[in-house]
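Reviewing the structure listed below.
Since every read-out is calculated from the coordinates, none of them should be taken as a lab result. Everything numeric in this text was worked out from a predicted model, so none of it was measured. Neighbour counts are summed over all protein chains in view; Cβ atoms, including those assigned to glycine, are modelled from backbone coordinates with ideal geometry.
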Amino acid sequence: MMIEIKKMAKSVKISSPDLITRPTGRIFYNRIMKKLDNVHPDEVVVLDFTGIKVLDTSFIDECIINLLKESQREDLPFYVRLQNVSDSMESNIEFVIKSYFSMNNEKIAIALDRMGRSQGNYIGALSEAEKDIVDFLMINKHVSAREIASYTGFDVENAEKILKSLYTIRLIRRSKENETYYYSPV
Amino acid sequence: MVNPTGNILVLNDSMKDPYSFESIIKQQDRIVSERIRGIDVSRISFIEPYSLVNLLLLGRNYLRQTGEKLLMVNIPIHIHQYLARMDFFEHGVFDIKEGLDEKLFLKRSNQSSRLLEITEIPGKERESVKVIGKVITTFRKRSRNILKYWFAPNIIDYFVTVISELCQNIFEHSLDSGFIAIQTYSMGTDHTFRIAICDSGIGIRESFQNKKDVSFESSAQLIEKVLTTPLSSKRRFGYGLCQVNAIMEELRGSVFIRSQDASISIMHHRKKGGSTYSFLKNELPPFPGTHISISLGS
């Protein structure tokens with residue numbers, strides 16, 4: 001599912017390229033959630049920011065962070081990927097995500113359509129092992145924990161643990177085939 | 001109405017930066033207790049945005065406490081022109097004996113707009129969100145002139161974030177309205193871009209009064225904490241001031257915050273090898289609210 005944020009902004013009479021303030025963030029979160037009434041389990045929701053220049057931290061906290069938390073629901077998991085994000089938007093999102101982790105000790109991350117400041121296709125504070133695995137998935141697209149273990153040198157149990165935590169924050173996708181979980185990028 | 005019997009207080013030339021404006025803050029109690037009739041600004045040679053906005057707040061505090069407007073007298077023509085250009089008198093806080101001759105008004109054009117006129121940020125969410133949107137639209141339109149001496153990538157977008165975050169703090173935390181003003185000014189070959197965002201609300205310390213989990217030794221240390229840690233007095237976390245500080249660090253600018261009786265000054269452009277270049281001050285003369293100056297030099 002693709003959601004064009006600029007179109008959504010026009011529908012709420014915002015012509016500015018800047019999406020700012022908590023009240024605006026709440027409006028967008030509610031609008032996006034309404035669109036997600038029809039989302040399928042494991043669907044990738046692409047938020048396209050073409051035409052938008054700035055999201056401030058208040059907007060990010062109310063809209064993006066709450067959307068990420070919603071995506072982690074067990075009964076209806078979905079994935080979020082950001083598309084056409086400006087550098088300043090990325091900087092603000094990264095700041096909020098890292099601050100959230102430092103204050104809450106709860107990891108969150110979000111997929112990007114391009115390589116970001118972290119040198120990976122995501123925004124978030126990942127460990128070196130997690131980064132390696134996300135990078136490996138970007139290249140190999142569809143792999144099991146066993147294959148990851150043989151590439152990284154981790155034992156299978158450890159690889160599974162990292163993969164599960166990346167899946168829990170919906171930074172990677174998971175599917176089950178013949179009793180084996182396979183992982184792929186968002 | 002102006003108090004007809006009080007004295008006129010002559011102000012020193014102390015509006016060149018936030019530090020010199022302290023000498024005017026020191027006199028605010030006297031202005032109210034002695035029911036000063038007005039201020040003589042004949043010695044003022046220059047006013048930068050932080051002093052400008054705080055002079056307006058000082059007048060508003062006087063008006064609220066006494067029900068009378070302060071008179072401003074002996075205004076040098078260039079200062080009068082600047083005050084009029086910045087819409088200083090539009091807020092109905094000061095009385096002046098003589099208006100400026102119409103021929104002397106500074107022209108308003110896109111080319112001369114290296115500033116944002118003093119704009120009131122309401123204390124209520126709904127109205128405030130609208131005004132902040134308008135402020136940012138105006139800033140974007142004028143940003144090429146305002147920021148013409150600075151070439152950092154994405155600098156306009158960064159300052160949109162700074163303005164948005166700081167203005168929101170007014171309606172979120174201060175429980176009063178405030179003002180913003182922006183200007184780029186030059187002295188010789190040195191250029192300064194300054195944003196002043198100030199309110200006369202409860203201040204940072206009081207807004208954290210019910211946050212028992214946030215510990216601090218002094219008011220200035222609390223201000224430093226909210227600049228460097230994502231704390232909020234209302235929610236679990238607050239990112240605004242912290243991100244503003246991070247942006248100014250990236251742009252190598254400076255941040256000055258004065259709240260009630262404490263201040264912090266962080267000079268990112270002076271930082272070298274591990275030194276923080278931040279200066280904390282406590283036990284300053286109390287001045288209601290939070291007063292922020294964000295600057296970039298060239």
TODO: Would you mind giving the mean number of other chain beta-carbons within 10 Å of the Cβ of each residue in A:14-20, as a whole number?
DONE: 5
Task: In Å, descending, principal axis extents of the Cα set of region B:164-266 - done: 49, 27, 24
Open item on the list: List the residue ranges in chain B for DSSP H helices whose C-alpha atoms run 20 angstrom or more along the long axis and whose Kyte-Doolittle average is 0.0 or above.
Closed with: B:49-66, B:155-169
TODO: Would you mind giving the mean number of other chain beta-carbons within 10 Å of the Cβ of each residue in B:226-236, as a whole number?
DONE: 2
Task: Local net charge near A:Y122, Cβ-Cβ under 15 Å (Lys/Arg +1, Asp/Glu -1) - done: +1
Open item on the list: Please compute the Kirkwood hydrodynamic radius of chain A from all pairs of different C-alpha atoms, in Å with one decimal.
Closed with: 17.0 Å
- [ ] Could I get the Rg over Rh figure for region B:91-131? Both from C-alpha atoms, Rh via Kirkwood, rounded to two places.
- [x] 1.10
Open item on the list: Once you keep just the Cα pairs under 8 angstrom separated by 6 or more residues, what percentage relative contact order results for chain A?
Closed with: 18 percent
Task: Among B:A152, B:A262, B:A246, residue whose mean-square fluctuation peaks in a GNM of chain B (springs only between Cα atoms under 10 Å) - done: B:A152
Open item on the list: Show me, for region A:104-121, the HN-Hα J-couplings you get by feeding each phi into the Karplus relation (A = 6.51, B = -1.76, C = 1.60, θ = phi - 60°), rounded to Hz, glycine and proline as x.
Closed with: 10, 6, 10, 6, 9, 7, 9, 7, 10, 7, 8, 6, x, 4, 7, 6, x, 8
- [ ] Identify the trypsin sites (Lys or Arg not before Pro) of region A:1-67 meeting these criteria: DSSP loop state and at most 14 other C-beta atoms within 10 Å of the C-beta.
- [x] A:K13
Open item on the list: For region A:84-148, compute Rg over Rh where Rg is the Cα radius of gyration and Rh is the Kirkwood radius from the inverse mean 1/r over Cα pairs.
Closed with: 1.01
- [ ] Just the ratio, please: alpha-carbon radius of gyration of region B:222-298 over 2.2 N^0.38 Å, N its number of residues.
- [x] 1.10
TODO: Note down the net charge around A:A111, summing +1 for each Lys or Arg and -1 for each Asp or Glu among other residues with Cβ under 9 Å from its Cβ.
DONE: +1
Task: Debye equation applied to the C-alpha atoms of the protein assembly as shown, log10 I(q)/I(0) at 0.06, 0.09, 0.12 Å⁻¹ - done: -0.33, -0.67, -1.06
- [ ] Please report, to two decimal places, log10 I(q)/I(0) for region A:1-68 at q = 0.13, 0.24, 0.25 Å⁻¹ as given by the Debye formula with identical point scatterers on the Cα atoms and no solvent.
- [x] -0.32, -1.11, -1.20
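Taking the Cα centre of region B:162-238 as origin, sum charge times position over the Cβ atoms of Lys and Arg (+1) and Asp and Glu (-1), and report the length of that vector in debye to the nearest 20.
280 debye
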Open item on the list: Let me check against my output: what whole-number percent is the relative contact order of region B:222-298, with C-alpha pairs under 8 Å and at least 6 apart?
Closed with: 27 percent
- [ ] Send over the semi-axes of chain B's equivalent ellipsoid, whole angstrom and largest first, taken as the square roots of 5 times the C-alpha gyration tensor eigenvalues.
- [x] 29, 24, 18
Task: Using alpha-carbon coordinates, inclination of helix A:22-35 to the longest axis of chain A, degrees - done: 60 degrees
TODO: Quantify how strongly other chains surround peptide B:239-247 by giving the mean number of their Cβ atoms within 10 Å of each of its Cβ atoms.
DONE: 4
- [ ] Determine by what factor the alpha-carbon radius of gyration of region B:20-106 differs from 2.2 N^0.38 Å, reporting the quotient.
- [x] 1.04
